[in-house]
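The values are calculated or read from the model by the stated rules, or taken from the named source; none is laboratory data. Computed from a predicted structure; not experimentally measured. When we count neighbours, we look across all protein chains shown, and the Cβ atoms used for this are built from the backbone with ideal geometry, even at glycine.
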Amino acid sequence: MITGTLKSKVDSLWEIFWTGGITNPLDVIEQMTYLMFIRDLDDQDNLRAKESEMLGLPFDSMFKDELEVGERVVDGKQLKWSVFHDFPAELMYSTMQELVFPFIKNLHGDKESAYAKYMDDAIFKVPTPLMLTKVVDALDEIYDIMSKEEGSDVRGDVYEYLLSKLAVSGVNGQFRTPRHIIRMMGSESRRHNL
């Protein structure tokens, strides 16, 4: 169970999404998960590079110098969290939307894999560059705190906390029924005199 500073930072991140217009708790958790995955890819790539260097082994980064993303060939290094998080807001946003997200959606070459099927419906929903900057900064702070809490399953605790927020959101009525569904239900009940 997370407590103290980490819990406060996760709550603050949740609030950034909420005030930025992403109010469906499922969307908040989904977007957080995608962004954490993107950050983790960079961390893992950096770790593997250091290990390969220490062992004198060749290393083939997933962020190659020339990386094909859709129809474009780009410098893969700009898709790394540790690089794009320092971009100006507009550039970070366009990089995330046009390059990073398509890159992670097609990361696994096998279109029939479980990963590909899950990521096929992935949508980047952060609506503005300013909000993305706030989210990236907040996630960096959360990762800094998690890195200091060694010896426990902090990542698992964070996900459990997010899921508990999902449960509380349902109890507090924070799930919104779309208006067209409400109108349809109303017209059906009137039609059947319910």
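Here the condition is being more than 15 Å from L132 (Cα to Cα), out of contact with any His (no Cβ under 8 Å at 6 or more places or on another chain) and hydrophobic (A, V, I, L, M, F, W, C); of F17, F87, F59, it holds for F59 alone.
Of the set (1) at pLDDT below 95; (2) exposed (fewer than 13 other Cβ atoms within 10 Å of the Cβ), all apply to P88 but (1). Checking each residue in segment 96-124 for being closer than 18 Å to D140 by Cα and either at pLDDT below 95 or of a type in the set (S, T, Y) (or both) picks out only V100. Inside segment 85-102, residues that are outside any helix (DSSP H, G or I) and within 14 Å of the chain's Cα centre (by Cα) make up a count of 1.
When D65, D40 are checked against the criterion of being part of a helix (DSSP H, G or I) and at negative phi, D40 stands alone in meeting it. Checking Q44, Q31 one by one, the residue that is among the polar types (S, T, N, Q) and within 12 Å of the chain's Cα centre (by Cα) is Q31 and no other. Considering the conditions (1) closer than 20 Å to F103 by Cα; (2) in a helix (DSSP H, G or I), E53 is excluded by exactly one of them, (1). Pairing residues of segment 36-64 that are free of Cβ contacts under 8 Å to residues at least 24 places away in the same chain with residues that are aliphatic (A, V, I, L, M), at Cβ distances under 7 Å and at least 6 apart in sequence or on separate chains, gives F59/A49; S61/A49; F63/L79.
Within segment 146-166, identify whether any single residue is over 20 Å from the mean Cα position of the chain (by Cα), among the basic types (K, R) and modelled with pLDDT of 50 or more, and answer yes or no. Yes, segment 146-166 contains at least one residue that is over 20 Å from the mean Cα position of the chain (by Cα), among the basic types (K, R) and modelled with pLDDT of 50 or more. Can you say whether V136 is surrounded by 18 or more Cβ atoms within 10 Å (Cβ to Cβ), at pLDDT below 95 and either of a type in the set (A, V, I, L, M, F, W, C) or part of a helix (DSSP H, G or I) (or both), as far as the supplied structure shows? Against the criterion (surrounded by 18 or more Cβ atoms within 10 Å (Cβ to Cβ), at pLDDT below 95 and either of a type in the set (A, V, I, L, M, F, W, C) or part of a helix (DSSP H, G or I) (or both)), V136 does not qualify.
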